[in-house]
Amino acid sequence: MSTSAHPSADTADALRTGRSVTDRLVGANERYAADFTDPGMDARPVLNVAVVACMDARLDLHAALGLELGDCHTVRNAGGVVTDDVIRSLTISQRALGTRSVVLIHHTNCGLESLTEDFRHELEMEVGQRPAWAVEAFRDVDQDVRQSMQRVRTSPFLLHTDDVRGFVFDVHSGLLREIDPA
Ligand SMILES: [Zn+2]
């Protein structure tokens, strides 16, 4: 997760021309589809792996891990946190679509490091309703990866918890650093 202080040139262009960012994406899709040929793939990931990662815009999962179309499931949220909904996706990934390995990827300079659970309290003050979800803010990214690995390994719903590995992606070097689960 990350926040940006400066609008990009594309955003400025969109504001000037009245085209929204979404319009730009739809235009890009038309060009994509024009060259697209149906690979005729099954929905089951070729590498039998599910990757759970932060939604951070600086993390290009496919490029960073050498993944191709059809190789894996990707499950992303703020922080790459293993929430109940991530367990839901992993359960479906393993039980309905045949994946066996789980890779967890958090990263340096995550937006969640600058938040606390006070975020929920502030939200409640603003909107008059306390969110049901935890912010899952953290101070120590290594410890957060360990906690995520533990949540996957101890889930009663998953078929395969023997190959669960966790990493921190360095947004400056592009390198992964593996976290010892112990
Ligand atoms: Zn993040």
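Does the stretch 77-87 contain any residue that is loosely packed, with under 14 Cβ neighbours inside 10 Å, closer than 28 Å to His160 by Cα and of a type outside the set (A, V, I, L, M, F, W, C)?
Initially, the stretch 77-87 is screened for residues loosely packed, with under 14 Cβ neighbours inside 10 Å, giving 84-85.
The next check asks that each one be closer than 28 Å to His160 by Cα; those that pass are 84-85.
Narrowing the set further to residues that are of a type outside the set (A, V, I, L, M, F, W, C) leaves 84-85.
Yes, the stretch 77-87 has at least one match.
Report, ordered by the first and then the second residue, all pairs with beta carbons closer than 6 Å, sequence separation of six or more or different chains, a first member in the stretch 110-134 that is assigned by TED's automatic domain parsing to the domain that holds Val171 and without any contact (Cβ under 8 Å) to a residue 24 or more places away in the chain, and a second member that is assigned to a loop (DSSP other than H, G, I, E, B) and surrounded by 14 or more Cβ atoms within 10 Å (Cβ to Cβ).
So the pair list comes out as Leu115/Val135; Leu115/Ala137; Thr116/Ala137; Glu117/Val135; Phe119/Val135; Arg120/Val135.
Answer with yes or no whether Gly27 is at positive phi and modelled with pLDDT of 95 or more.
no
Check the stretch 136-153 and report whether any residue there is free of Cβ contacts under 8 Å to residues at least 12 places away in the same chain, loosely packed, with under 12 Cβ neighbours inside 10 Å, assigned by TED's automatic domain parsing to the domain that holds Leu175 and away from the ligand (no atom under 16 Å from the Cβ).
No: zero hits.
Do the conditions hold for Val171, that is, is it at pLDDT 95 or above and assigned to a loop (DSSP other than H, G, I, E, B)?
yes
I'm told Thr116 meets every condition in (1) surrounded by 18 or more Cβ atoms within 10 Å (Cβ to Cβ); (2) modelled with pLDDT under 95 except one. Can you identify the failing condition by its number?
Checking Thr116 against (1) surrounded by 18 or more Cβ atoms within 10 Å (Cβ to Cβ); (2) modelled with pLDDT under 95, the one that fails is (1).
Of the conditions (1) within 12 Å of the ligand (Cβ to nearest atom); (2) over 30 Å from Ala182 (Cβ atoms); (3) of a type in the set (Lys, Arg), Arg120 satisfies every one except a single condition; which number is it?
(1)
Could you run through the stretch 91-117 and say how many residues are away from the ligand (no atom under 16 Å from the Cβ) and of a type in the set (A, V, I, L, M)?
Residues flagged as away from the ligand (no atom under 16 Å from the Cβ) and of a type in the set (A, V, I, L, M) within the stretch 91-117 amount to 4.
Collect the residues in the stretch 55-88 that are of a type in the set (Lys, Arg) and under 10 Å from the mean Cα position of the chain (by Cα), keeping them in residue-number order.
Within the stretch 55-88, just Arg76 meets the criteria.
Quick check on this structure: which one of Leu67, Leu90, Leu123 is closer than 14 Å to Ala53 by Cβ, assigned to a helix (DSSP H, G or I) and out of contact with any Gly (no Cβ under 8 Å at 6 or more places or on another chain)?
Leu90
The values are calculated or read from the model by the stated rules, or taken from the named source; none is laboratory data. This one's a predicted model, so the numbers in the text were calculated from it and none came from an experiment. With ideal geometry, Cβ positions are generated from the backbone for all residues, glycine too; neighbour counts draw on all protein chains shown.
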